[in-house]
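Colleague: The following block contains the structure, expressed as structure tokens.
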Amino acid sequence: MSDNWIEVGTVNDIPRQGARVVRGSDGDIAVFRTDKDEIFALRDKCPHNGGPLSQGLVHDNKVACPLHNWNISLETGMAVAPDEGCAARYPIKIEGEKIFLSLTAI
Amino acid sequence: MKEKLVVIGNGMAGIRTIEELLKVAPDAYDITVFGAEPHCNYNRIMLSPVLAGEKTIEDIILNDDQWYADNHITLHKGKAIKEIDRIKHKVVAEDGSEESYDRLLIATGSNPFIIPVPGHDLEGVVSFRDIHDVEQMLDAASKHKHAVVIGGGLLGLEAANGLMEQGMSVTVVHLMDSLMERQLDHAAAEMLKSSLEERGLNFLMQAQTEAIIGKERVEKVRFKDGTEIYADLVVMAVGIRPNIELAKAAGIHCERGIVVNDTMQTFDPRVYSVGECVQHRGLTYGLVAPLFEMAKVCANHLAKYGIGRYEGSVTSTKLKVTGIDLFSAGDFTGNEYTDELVFQDASRGVYRKLVVQDNRIKGVVMYGNTLDGSWYFDLMRDETDISEMRENILFGQAHLGDSGHGGEESRVAAMPDDAEICGCNGVCKGDIVKAINEKKLFTLDDVRAHTKASSSCGSCTGLVEALLAHTVGGDHSVAPHLKPVCGCTDLSHDDLRKAILDKELKSIPATMQALNWKKDDGCPKCRMALNYYLLCAWPTEYKDASQSRFINERAHANIQKDGTYSVIPRMWGGGTSPQELRKIADVAEKYKVKTVHVTGGQRIGLYGLKKEELPKVWKELEEAGFVSGHAYGKAMRTVKTCVGKEWCRFGTQDSTHLGVELEKLTWASWTPHKFKLAVSGCPRNCAEATIKDFGVVCVDSGYELHIGGNGGVKVRATDYLCNVSTEEEVKEYCAAFMQLYREEAHYLDRTAPWLERVGLSYIKERILEDEDGRKALAERFLIAQKVAQVDPWKERVEGVAEHEFVPLKEISG
Ligand SMILES: Cc1cc2nc3c(=O)[nH]c(=O)nc-3n(C[C@H](O)[C@H](O)[C@H](O)COP(=O)(O)OP(=O)(O)OC[C@H]3O[C@@H](n4cnc5c(N)ncnc54)[C@H](O)[C@@H]3O)c2cc1C
Ligand code: SF4
Ligand code: SF4
Ligand code: FES
């Protein structure tokens, strides 16, 4: 795994059951915070048709894409069956309240 | 150590229960299944098409060996259980092997009833229940000529038809004077009989079998009156008996079936039972829809969620004989309190009868064209008030000007495979049929999950259901008493709304906890509904859960397919001014808006804005006095008007002014679905008021009020509510009607389907006849509006929810 950790903000910067984006030169990464305060990061692109996952509704450890309602697992980036597809995942590290993100996809 | 669950019976109900259990608690048990048949679980219903040569055995397997292996289920095929030892908690199989259990599920189905006439055990006498029976019948059909089917019910007729398709000459023998007397009235039964006769079946009615004659193999059948007919094959299809011997021998309380309570437990709380072998609230069932409902409840309790009750089912019947359309449901004989509505056209072979009590459908019988069957069945289940459509109801849904759901059934059968069924998700008929066949789908939800058809706007639901019925052939229609909100709860929308008020639940987590939600965090469906129900119930107290809103309502703009947003400012009553237009033009230029477009609701939309730009755009618009147009929400959208008396030579009242007043009254109000209004200055109706949720048509003497219309996929014209004489009254009635809709409709119901469900007379009762009630409704609306009428754009310009519009971090390079 990478050691290029970038500090992107604190847990409280992201609404619970919500997401925000980290804007990079090659596109957005969505950083999610679940109901249980777990943090996950995925490329902000739905495997279906590129919808911005950061705009979806977060439930459990999943996000429902705002465009056609595919559910994507935040843990694996995989679309929940019966849909098929995958969004790239990025490593996250939490230190205290701070969130660190690595830009090397898993 | 995991607990052990043993299932007796590898059939439709038992395995459906396991499937449901694996969905909710995949790791709860070590599961072992014993099945007397040497096969994997298959779709018993489809034995009829197999017999008729339309399907093969492979086609109808539901769960293959791999499925059992994948789910770590031990399957003992061809091993019947002969004893249950409830003291030692174990079962004993015929070969002496044993298996202990912590919980036991009995799903032994039923046995065909064999009339004990002499000769009933001769070779060539079979029942119609399993693959083995079908194999025997197919074998006989390949070698012999004459078949006799005893029993003119559903099963008997399907057997007879299948054997005829296999080339046999078939006689159906029936004890009664009317076929399928438990499902059909006499008129429909006669039509069925004559069309089966036309196809080549022979019938002997009111014939009582006395003996089956033959040496080793059957040769003849003799009747009470002494007549005899040739037979090389006799199929007994005279009924089924719940298979309860095993349970009975183990001392479990049985009557006609194994007696279970609403949680599918027998008198021994470790022992559950589902399927045709059970007796629930005095009833036994012989169709799959109720069994699937039982399975769901049973799985829920096995998973120890402890919620959900089985409360009995309403069932409907279809005959799976290709080319014959027949549908029946409910109580079709009626009594002294019921009316019969009958339509009969013998030369076209069409017959339909509705049994009606107090304007609710109690029973349906249809023959010939049954495309409206599921519609009637829905009306019956939902206990919809039919007084408004009574005159035309027999002609079917297509003749009513339906309201954006159901209908259209008549199209599916004839549609080509590439016809698009779901416009939202671009799903064609061929895709859906393929998914139903290949993935063995039974329910609308299954089809939604696998194909996405009808999972978005939902207006194609009726078509998908029709397609399901058409493809599965049998009775697919699972009929819960009332549909639950979603998979996270068993409560219906109405129950949920009531519980929120009764138990004074004031937040989403509190509601989920108090009502035993199955998932801590719910799903998008229930969270959005809950947020609405709570804000409607507690307008002054509830704190909006923005994370439980769809993005559009969270961002106060419409997300477009490329992830950009549109902005549509409010223009009161459709009016604008040079200053406003100039501002819009400036903003459009400054932000390089790709498209400027006039909407159907008389507004101007700016399309293609980036999310970060929204607060800046709003700020500029606000300088010209604009507020949010709520074009993105389940909310009051627009009031459309014509110029009315001020300019138009026909105008009778100041429709524009009234429109502005109505918009000031109703803007920013959240509703179960979008809500649109219009005011036309005279009956020429240029503002199209009669296809709005609330429409006003001005007349010389005052104002005509109309409700429950919509444009869209399926246009529905409004129903006329009443006339009033002043603008103040229009406003009061409008507020009261909107509040009634807000308080009582289900989330995502537009006014049209809601109105059709509760009936126009109910609305009239609440709004016209009950003056105090109307005033109270209007007042509650005003209280809610006091809190709601804050411009969300202005708030956001001032910094509310800032996180929504700026990235968490920008990384350069
Ligand atoms: C030809 C035909 C057509 C039908 N058409 C329709 C239709 O169109 N629509 C509809 O809704 N329904 C239809 N049905 C009815 C439907 O198939 C049944 O309601 C359903 O299969 C019952 O499910 P079950 O699990 O209760 O019983 P079954 O599916 O019969 O399963 C019970 C299983 O338990 C096994 N078993 C019994 N005793 C033991 C034991 N001691 N040890 C181990 N295993 C045991 C049996 O061998 C059997 O495999 C039809 C039925 C038939 C036969
Ligand atoms: S119908 Fe929607 S889900 Fe179906 S077609 Fe229309 S747009 Fe869709
Ligand atoms: S509805 Fe009547 S008043 Fe209004 S513009 Fe049309 S003709 Fe004129
Ligand atoms: S783009 Fe995400 S579901 Fe279609």
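Taken together, the values in this text are just the output of simple stated rules run on the coordinates, not laboratory data. Remember, predicted model here, so these are calculated numbers, not experimental data. Cβ coordinates were reconstructed from backbone atoms using ideal geometry, including for glycine residues, and neighbour counts include every protein chain displayed.
Colleague: Rounding to the nearest 20 debye, state how big the charge dipole of the protein assembly as shown is about its Cα centre with +1 on each Lys and Arg Cβ and -1 on each Asp and Glu Cβ.
Modeller: Details: 108 positive and 135 negative charges, 356 e Å.
Approximately 1700 debye in magnitude.
Colleague: Enumerate the amide H contacts of B:THR384 below 5 Å, restricted to partners 5 or more residues apart or on another chain; note that Pro and chain-start residues carry no placed amide H.
Modeller: B:ILE361
Colleague: Restricting the count to DSSP beta bridges whose residues both fall in segment B:125-238, what percent are antiparallel, rounded to a multiple of 5?
Modeller: Values: 8 of 23 bridges.
Counting DSSP beta bridges with both partners in segment B:125-238, the antiparallel share is about 35 percent.
Colleague: In nm, give the distance between the simple-model label positions of B:GLU798 and B:ALA419, each being 7 Å from the Cα along the Cα-to-Cβ direction.
Modeller: That separation, rounded to one decimal, is 5.5 nm.
Colleague: Run through the DSSP bridge list for the protein assembly as shown and note the antiparallel percent, rounded to the nearest 5. Can you show the working numbers first?
Modeller: Details: 101 of 147 bridges.
Just about 70 percent of them are antiparallel.
Colleague: Continuing with this model, one more query. May I ask you to derive the FRET efficiency for B:ILE114 and B:GLU94 from their Cβ-Cβ distance with R0 = 22 Å, giving the value to the nearest 0.05?
Modeller: Values: r = 21 Å, r/R0 = 0.96.
E(calc), rounded to 0.05, equals 0.55.
Colleague: Cα extents of chain A along the three principal axes, largest first, in whole Å?
Modeller: Largest first, chain A extends 36, 27, 21 Å along its Cα principal axes.
Colleague: Another question, then. Cross-link partners among lysines for B:LYS764, C-alpha distance below 16 Å, same-chain residues fewer than 8 apart left out?
Modeller: By straight Cα distance, B:LYS764 reaches B:LYS775.
Colleague: Can you list the residues, at least 5 places off or on another chain, whose amide H is less than 5 Å from the amide H of B:GLU276, using H built in the peptide plane?
Modeller: Counting only residues 5 or more places away or on other chains, the set is B:GLY109.
Colleague: For the ranges B:7-16, B:685-694, what's the packing order if you count other beta-carbon atoms within 10 Å of each residue, average per peptide, and put the highest first?
Modeller: Details: B:7-16: 27.3, B:685-694: 23.2.
Packing order, densest peptide first, comes out as B:7-16, B:685-694.
Colleague: While we're on this one: Could you give me the percent of Cα pairs per 10 Å distance bin for segment B:125-238, shortest bin first, beginning at zero and ending with the bin that holds the maximum distance?
Modeller: The percentages, shortest bin first, are 15, 49, 32, 4, 0.
Colleague: In what order do B:SER812, B:SER628, B:SER374 fall by count of nearby beta-carbon atoms within 10 Å, going from fewest to most? Display every interim value, and only then the final one.
Modeller: On the way: B:SER812 6, B:SER628 26, B:SER374 23.
Lowest count first: B:SER812, B:SER374, B:SER628.
Colleague: With θ taken as phi - 60° and the coefficients 6.51, -1.76 and 1.60, list the Karplus ³J(HN,Hα) couplings across segment B:267-278 in order, rounded to whole Hz; mark glycine and proline as x.
Modeller: 5, 9, x, 7, 10, 9, 8, 9, x, 5, 7, 9
Colleague: Something else now. I'd like the distance between the alpha-carbon centres of segment B:660-690 and segment B:240-293, rounded to an integer number of Å.
Modeller: Going from one Cα centre to the other spans 55 Å.
Colleague: If you don't mind, there's one more thing I want to ask. Remind me, what semi-axes does segment B:552-633 give for its equivalent ellipsoid, largest first in whole Å, using sqrt of 5 times each Cα gyration tensor eigenvalue? Don't skip to the end; give the middle numbers.
Modeller: Numbers: eigenvalues 64, 40, 28 Å².
With the √(5λ) rule applied to segment B:552-633, the semi-axes are 18, 14, 12 Å.
Colleague: Just check segment B:728-793 against the gyration tensor rule for me: Cα atoms, a ≥ b ≥ c as the square roots of the eigenvalues, rounded for a/c under 1.5, and otherwise prolate or oblate depending on whether a/b exceeds b/c.
Modeller: Verdict is oblate for segment B:728-793.
Colleague: At 222 nm, what value in deg cm²/dmol follows for the protein assembly as shown if DSSP H runs of at least 4 each add -39500 (n - 2.57) and the sum is divided by all its residues, to the nearest 500?
Modeller: Numbers: 25 runs with 253 residues, N = 919.
Value at 222 nm, helices only: -8000 deg cm²/dmol.
Colleague: Here is a follow-up. Provide the gained length on full extension for the span B:ARG199 to B:ASP445, in nm with one decimal, where the gain is 0.36 nm per separating residue minus the Cα-Cα distance.
Modeller: Values: separation 246, 0.36 × 246 = 88.56 nm, distance 3.70 nm.
Stretched fully, the B:ARG199-B:ASP445 segment lengthens by 84.9 nm.
Colleague: A further question follows. From the backbone phi of segment B:195-202, what are the Karplus-calculated ³J(HN,Hα) couplings (6.51 cos²θ - 1.76 cosθ + 1.60, θ = phi - 60°) in whole Hz, Gly and Pro given as x?
Modeller: Calculated HN-Hα couplings, in order: 6, 6, 5, 4, 6, x, 7, 10 Hz.
Colleague: Using Cα-Cα distances under 8 Å and only pairs 6 or more residues apart, what relative contact order does chain B have, in percent? Display every interim value, and only then the final one.
Modeller: Numbers: 1641 pairs, mean separation 61.3, N = 813.
Worked out over chain B, it gives 8 percent.
Colleague: Hey, what do the phi angles of segment A:35-42 turn into as Karplus ³J(HN,Hα) couplings, whole Hz, using 6.51/-1.76/1.60 and θ = phi - 60°, x for Gly and Pro?
Modeller: Those phi angles translate into 3, 9, 6, 7, 10, 9, 10, 9 Hz.
Colleague: Mind jotting down the three principal axis lengths of chain B based on Cα atoms? Whole angstrom, largest first.
Modeller: That works out to 102, 67, 53 Å along the principal axes.
Colleague: Another question, then. How charged is the neighbourhood of B:LEU501? Take every other residue with its Cβ under 12 Å from the Cβ of B:LEU501, and add Lys/Arg as +1 and Asp/Glu as -1. Mind showing how you got there, number by number?
Modeller: Values: positive: B:ARG497, B:LYS498, B:LYS503, B:LYS506; negative: B:ASP494, B:ASP495, B:ASP502, B:GLU504, B:GLU743, B:GLU744.
My count for the surroundings of B:LEU501 gives -2.
Colleague: Where Lys and Arg each count +1 and Asp and Glu each count -1, what net charge lies around B:HIS706 among other residues with Cβ under 9 Å from its Cβ? Let's see the in-between values first.
Modeller: On the way: positive: B:LYS692; negative: B:GLU704, B:ASP719.
So the surrounding residues net to -1.
Colleague: Ok, one more. Counting Lys +1, Arg +1, Asp -1, Glu -1, what net charge surrounds B:SER680 among other residues with beta carbon under 11 Å of its beta carbon?
Modeller: Values: positive: B:LYS640, B:ARG684, B:LYS692; negative: B:GLU688, B:GLU704.
Net charge around B:SER680: +1.
Colleague: Separate question: Can you list residues from other chains, or at least 5 along the same chain, whose modelled amide H is less than 5 Å from the amide H of A:HIS59?
Modeller: Result for A:HIS59 returns A:ALA64.
Colleague: Next up: Find, among the GluC sites (Glu not before Pro) in segment B:51-119, those assigned to loop by DSSP (not H, G, I, E, B) with at most 14 other beta-carbon atoms within 10 angstrom. Write out the running numbers ahead of the final one.
Modeller: Numbers: sites: B:GLU54, B:GLU58, B:GLU83, B:GLU94, B:GLU98, B:GLU99; in loops: B:GLU54, B:GLU94.
In loop regions of segment B:51-119 (DSSP not H, G, I, E or B), the sparsely surrounded GluC sites (Glu not before Pro) are B:GLU94.
Colleague: Something else now. When only C-alpha pairs under 8 Å and at least 6 residues apart count, what is the relative contact order of segment B:173-275, in percent?
Modeller: Numbers: 108 pairs, mean separation 14.5, N = 103.
Relative contact order, segment B:173-275: 14 percent.
Colleague: Considering only C-alpha atoms, what is the centroid distance from segment B:10-24 to segment A:1-67, in Å?
Modeller: 36 Å
Colleague: Can you compute the equivalent ellipsoid semi-axes for segment B:654-812, i.e. the square root of 5 times each eigenvalue of the Cα gyration tensor, sorted largest first and rounded to whole Å?
Modeller: On the way: eigenvalues 202, 62, 59 Å².
Rounded to whole Å, the semi-axes are 32, 18, 17.
Colleague: How large is log10 I(q)/I(0) at q = 0.09, 0.10 Å⁻¹ when the Debye formula is applied to the Cα atoms of the protein assembly as shown, each weighted equally and without solvent?
Modeller: So the normalised log intensities work out to -1.06, -1.24.
Colleague: Another question, then. Charges at C-beta only: +1 for Lys and Arg, -1 for Asp and Glu. How large is the resulting dipole of chain B about its Cα centre, in Debye rounded to 20? Mind showing how you got there, number by number?
Modeller: Values: 97 positive and 120 negative charges, 380 e Å.
Roughly 1820 debye for chain B.
Colleague: Does anything in segment A:85-106 have its amide N under 16 Å from the 7 Å Cα→Cβ label point of A:ASN12, and if so which residues?
Modeller: So the set is A:95-99.
Colleague: Here's something else I'd like to know. Looking at the square roots a ≥ b ≥ c of the eigenvalues of the Cα gyration tensor of segment B:231-319, which shape do they give, rounded for a/c under 1.5, prolate if a/b is larger than b/c, or oblate? Before the final figure, lay out each step's value.
Modeller: Details: a/c = 2.59, a/b = 1.48, b/c = 1.75.
Because a/c hits 1.5 or more and a/b fails to exceed b/c, segment B:231-319 counts as oblate.
Colleague: Dipole of chain A, Cα-centred, from +1 at each Lys and Arg C-beta and -1 at each Asp and Glu C-beta, to the nearest 20 debye? It would help to have the intermediate numbers written out before the result.
Modeller: Values: 11 positive and 15 negative charges, 29 e Å.
Approximately 140 debye in magnitude.
Colleague: Which of the peptides B:235-245, B:540-550, B:617-627 is most tightly packed, and how do the rest follow, going by the mean number of other Cβ atoms within 10 Å of each residue?
Modeller: On the way: B:235-245: 21.2, B:540-550: 16.2, B:617-627: 18.2.
Descending mean neighbour count gives B:235-245, B:617-627, B:540-550.
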